[in-house]
Amino acid sequence: MTSHLNLGPVLFNWPADKLRDFYFRIADEAPVHTVFLGEVVCSKRQPFFAPHLPEVAERLTAAGKRVIFSSLALVLSKREVELVRELCALDDVMVEANDLSAASQLMGRDHAIGPFINIYNEGSLKVFEGQGATHISLPGELSRKSLAALAKNAQADLEVQIFGRQPLAISARCYHARAMGLAKDSCQYVCEKHPDGMDLDTLDGDPFLAVNGLQTLSYTCANLIGELTDMQTMGIRNFRLSPQNTDMVEVANLYRRVLDGIQEPESTTEKLDDLMDGLPFSNGFYYATEGVSAQNGLEEFGV
Amino acid sequence: MTTEKLELVCPAGTPAALRAAVDAGADTVYCGFRDATNARNFPGLNFSRDELAEGIEYAKQHGSKVLVALNTYPEAGNPEPWHQAVLDAADLGAHALIMADVGLLSYAADNRPDTRRHLSVQASASNPDAIGYYQKAFDVKRVVLPRVLTVPEIAALNKQIDVETEVFVFGGLCVMAEGRCSLSSYATGQSPNMNGVCSPASHVRYENKGNKLVSKLGDFTINQFSQSEAAGYPTLCKGRFVTEDKPSYLFEDPTSLNAAQFLPELMEAGVTALKIEGRQRGKAYIAQVVAAFRRAADAAARGETVPPLGLENITEGQRETTGAYNKRWQ
Amino acid sequence: MSHSPKGPPAPLSPILLAGLALRPVPYVLLQPIFTKAIRQMHNRHSDVFERLIALGSPRYLIDPVDLPFSFIMDTNPAHPTLDVLAEGSDETIMDIKACVRGPLLQLIELLEGRIDGDALFFSRDLVVEGDTEAVLGLRNAVDGADINVHEDLLDLFGPLSKPIDGAAQIAGKIFNRFSRDLSLISQASTAPLQRKCDAQAASIEELEETVATLKKQLRRRREKTA
């Protein structure tokens, strides 16, 4: 059975043109199987790229990629509830639920569950599979032991994020706006300033987290390149690349070569390090330790 | 749906705190077992099976109810402690089980269908569609709402759902959507979802540096205090950090929630129960806060204005906030 | 754990001022009283020690800074002990997991569950060293028991309890007053030293800022040593 590289939704606020060009290039050049489209973090960003979605989805499909539409992670307002309902009512598209509001409306049809829905154990896995979930992207803080236990019982395809800053939290409050002294309602879309998220340091200057509007991510970039074989042995065949503001086609090429056994994880990590301009890598969650830490060969590239 | 009288749901980390809460007028007390099955798995805290049995008995004698929180996410490959906790809590006579995990809700509905199920705030069900799902799938009778909704949003929500709602009115304030936060495990390896702890004491250090006191969580400085400042516990999201060269309490100021002034509006909004946070707090704190909110809830029920709570000594050194109940918070 | 052998007692220790001076008595002679006290606590509140098993039944150093000696409390659930540690003892060899230092009155309040877990950390009077989790565990465990130091200690003395009760209350009042006075006096006498410390701290702060800036410059493009 082959392993698939999938491209997660772009979590950051990139200008619509840039986003469209990005997906066109992914369609033409990137060795990815599935592409997740749509705004997951902030409903206020949603209108800008929405007009381009059909064109982008078509281009990706024509290039042989599977397209899945991701739903919002935090659904509070009436408008947000409506957005999710509209998405779930679309015919002939596959939707990834990132909140129970979406999952409940997708019951009984083939759908995906995103990493913002908590599936920590076999019990909840079974419930979601019973509701029709066939592709499940697991929460980032699960350890190797949990992944193995889930993989042993899974009917659905399980996916794990192997690259990109790790989503850690989401809030009703916008920290980008707050940092700039603005209210959420009149945020001026300041999150656009940071296409990889805004760095957040401790008081003594150590980089710690990254802010992306309502979302908080890790400062470090996940890199599970050394764990791919281990996960394949468990039966996990889907690996998510979470887009960062770098050459994602090349990132996908590098991981693909490792999956195909053409390239070694160590030398590939050095190339990824160049692509990420030295941003430290981490894989601690996999080893049931601090998520920020880098273990098992990745230490040299850690914090 | 309007309630005549708001139910007061109070925390207990120990049997002594449970008695203190009941004595101070709690309608309902919530507590957890002494393990990772609940989200306040703090050292030295919580109940053995025998202690829970005694606690339930004490509460019953005084006309109060006991809820048991089983609100962490069971570990893959190791569901037994959670399953056993469901069976034991139900068999010991808990009025309801507070759960967040879909798998555990399903287990409880199948195995102890007669014990009420409440949806924990850790499930962060913040909209009518999500809440409707839990009601239909697991016959959940009450949902504890995330601390991110404004009062008008709560009122609108209650019109669209057919389950009771319980809202936080006092104590610590999560600024992130509950149950969807891995900040703690990113820095310490231990999280609310998996281990029932946030910013665990085992990873906390205080260091004296010159005339500053530095609080650290794992390898990260969470805050620094000058001589004149009151030092706080380094809860990750209440720390001081630097963005764009500017230090600030970016996520949340070190405040604690006090929504007493909103009690009449919350009643009007159709809320069934008021929840006080703080199973990790001492029995003296519990006694004082519960008594104050008893007076406040009774006044609200009589249609009177809510009297001053007189809790200044407890919130001393800490600012108070009305949290998300006020739209400006976002 | 920092090495801090106990210095001489504060000359104005309120205990001494209150006329309850234990000074003429060699501290070891008090040991039987503390042994009796911990045994009684074990009898009455065994759940305190049971709650600490999960933390490995830690040994704590309890240091009332206004007394000339400190204690080692071993929370072994079968045989807890409370040993007087004379001044000058080397704390580092005692296999201590955590240490709580503070004025006696506040330590008693902590023991009775009158100081909140969060307040424990807000307070600047109580100093927690070593394993923070162990200290929080102790606080939570004693809070779960209804400990009343006055009553519990008085019971130790059986039929004599009434008169001692009165004496203890008077002592408590005197103690409170003197501890207020003491903090004023000690602030006054340490003021010049404080100014010097402030100056040093200012320069440390300057250095820290420089380090933070350097870290920032190194942030991305880090040199690989390989």
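The values are calculated or read from the model by the stated rules, or taken from the named source; none is laboratory data. Please read all numbers here as calculations on a predicted model, not as lab measurements. Cβ: placed from backbone, ideal geometry, glycine included. Neighbour counts: every protein chain shown.
Observations on the model:
- Sole exception among (1) within 14 Å of chain C (Cβ to nearest Cβ); (2) assigned to a strand (DSSP E or B); (3) not hydrophobic (A, V, I, L, M, F, W, C) for A:THR216, by number: (1)
- Segments classed as helices (runs of 4 or more DSSP H), wholly inside the stretch B:259-330, with at least 2 members that are away from every other protein chain (no Cβ under 14 Å) and more than 26 Å from C:ILE147 (Cβ to Cβ): B:263-268, B:283-301
- Meets criteria (modelled with pLDDT of 80 or more and buried (at least 18 other Cβ atoms within 10 Å of the Cβ)) for C:PHE121: no
- From the list A:ASN238, A:ASN253, A:ASN223, the lone residue that is in contact with a helix residue (DSSP H, G or I) (Cβ under 7 Å, 6 or more places away or on another chain) and not β-branched (Val, Ile, Thr) is A:ASN223.
- When C:SER46 is tested against (1) small (Gly, Ala, Ser); (2) at pLDDT 75 or above; (3) touching a strand residue (DSSP E or B) at 6+ places or on another chain (Cβ under 9 Å), exactly one condition is not met: (3).
- Number of the exception - B:SER215 against (1) out of contact with any strand residue (DSSP E or B) (no Cβ under 6 Å at 6 or more places or on another chain); (2) touching a residue at least 12 places away in the same chain (Cβ under 8 Å); (3) more than 26 Å from B:ALA324 (Cα to Cα); (4) not basic (Lys, Arg): (1)
- Filter result for A:ASP28 (more than 14 Å from every other protein chain (Cβ to nearest Cβ), modelled with pLDDT of 95 or more and closer than 23 Å to A:GLY213 by Cβ): no
- Condition check for B:ALA155: in the same structural domain as B:LEU87 (by TED's automatic domain parsing), surrounded by fewer than 20 Cβ atoms within 10 Å (Cβ to Cβ) and farther than 29 Å from B:ASP91 by Cβ: yes
- Among the residues of the stretch A:129-155, just one is buried (at least 21 other Cβ atoms within 10 Å of the Cβ) and more than 20 Å from the chain's Cα centre (by Cα), namely A:ALA149.
- Helices (runs of 4 or more DSSP H) enclosed by the stretch B:61-138 - at least 2 residues per element that are in contact (Cβ under 8 Å) with a residue 40 or more places away in the chain: B:80-91
- Every residue from the stretch C:47-85 that is of a type in the set (Asp, Glu) and out of contact with any helix residue (DSSP H, G or I) (no Cβ under 6 Å at 6 or more places or on another chain): C:ASP47, C:GLU50, C:ASP63, C:ASP74, C:ASP83
- For the stretch B:251-266, the count of residues that are more than 18 Å from the chain's Cα centre (by Cα), at pLDDT 90 or above and closer than 30 Å to A:ASP201 by Cβ is at least one.
- Hey, B:LYS283 more than 21 Å from B:THR165 (Cα to Cα) and not assigned by TED's automatic domain parsing to the domain that holds B:VAL68 or not: no
- Residue within the stretch B:11-24 that is at pLDDT 95 or above, more than 13 Å from chain C (Cβ to nearest Cβ) and surrounded by fewer than 24 Cβ atoms within 10 Å (Cβ to Cβ) present: yes
- Residues satisfying the criterion are absent from the stretch B:26-42 (criterion: crowded, with 23+ Cβ neighbours inside 10 Å and assigned to a helix (DSSP H, G or I)).
- Residue check for B:ARG49: surrounded by fewer than 24 Cβ atoms within 10 Å (Cβ to Cβ), at pLDDT below 95 and not aliphatic (A, V, I, L, M): no
- Test: residue in the stretch A:83-90 that is within 12 Å of another protein chain (Cβ to nearest Cβ), β-branched (Val, Ile, Thr) and either surrounded by fewer than 22 Cβ atoms within 10 Å (Cβ to Cβ) or within 19 Å of the chain's Cα centre (by Cα) (or both): yes
- Looking only at the stretch B:74-105, residues that are touching a helix residue (DSSP H, G or I) at 6+ places or on another chain (Cβ under 8 Å), small (Gly, Ala, Ser) and more than 8 Å from chain A (Cβ to nearest Cβ) come to 4 in all.
- Single residue of the stretch B:114-145 satisfying the filter (of a type in the set (S, T, N, Q) and more than 16 Å from the chain's Cα centre (by Cα)) that is farthest from the other protein chains (Cβ to nearest Cβ): B:THR115
- Every pair of residues 6+ apart whose Cβ atoms lie under 7 Å, when the first sits in the stretch C:74-102 and is part of a strand (DSSP E or B) while the second is modelled with pLDDT of 90 or more and polar (S, T, N, Q): C:ASP74/C:THR81
- Search result, residues across the stretch B:67-106 that are surrounded by fewer than 20 Cβ atoms within 10 Å (Cβ to Cβ), under 22 Å from A:LYS145 (Cα atoms) and among the polar types (S, T, N, Q): B:ASN78, B:GLN84
- Test result for A:PHE239, buried (at least 20 other Cβ atoms within 10 Å of the Cβ), under 19 Å from A:GLU141 (Cβ atoms) and more than 12 Å from every other protein chain (Cβ to nearest Cβ): yes
- Residue list for the stretch A:261-288, restricted to those being more than 14 Å from chain B (Cβ to nearest Cβ) and part of a helix (DSSP H, G or I): A:PRO265, A:GLU266, A:SER267, A:THR268, A:THR269, A:GLU270, A:LYS271, A:LEU272, A:ASP273, A:ASP274, A:LEU275
- In the stretch A:186-206, residue farthest from A:GLN166 (Cα to Cα) [restricted to those that are of a type outside the set (A, V, I, L, M, F, W, C) and buried (at least 22 other Cβ atoms within 10 Å of the Cβ)]: A:THR202
- The stretch A:243-259, residues that are assigned to a loop (DSSP other than H, G, I, E, B) and surrounded by fewer than 17 Cβ atoms within 10 Å (Cβ to Cβ): A:ASN245, A:ASP247
- Failed item, numbered, when A:GLY291 is tested on (1) under 19 Å from the mean Cα position of the chain (by Cα); (2) away from chain B (no Cβ under 14 Å); (3) in a loop (DSSP other than H, G, I, E, B): (2)
Okay, residues lined up against (1) more than 28 Å from B:PRO264 (Cβ to Cβ); (2) in contact with a strand residue (DSSP E or B) (Cβ under 6 Å, 6 or more places away or on another chain):
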{"position": "B:LEU6", "(1), (2)": "no, yes"}
{"position": "B:PRO15", "(1), (2)": "yes, no"}
{"position": "B:ALA21", "(1), (2)": "no, yes"}
{"position": "B:ALA26", "(1), (2)": "no, yes"}
{"position": "B:VAL29", "(1), (2)": "no, yes"}
{"position": "B:ALA39", "(1), (2)": "yes, no"}
{"position": "B:GLY63", "(1), (2)": "no, no"}
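- Restricting the first member to the stretch A:98-125 and to residues that are over 14 Å from A:ALA73 (Cβ atoms) and more than 10 Å from chain B (Cβ to nearest Cβ), and the second to residues that are in a helix (DSSP H, G or I) and modelled with pLDDT of 95 or more, the beta-carbon pairs closer than 8 Å and six or more apart or on different chains are A:LEU106/A:CYS88; A:HIS111/A:ALA103.
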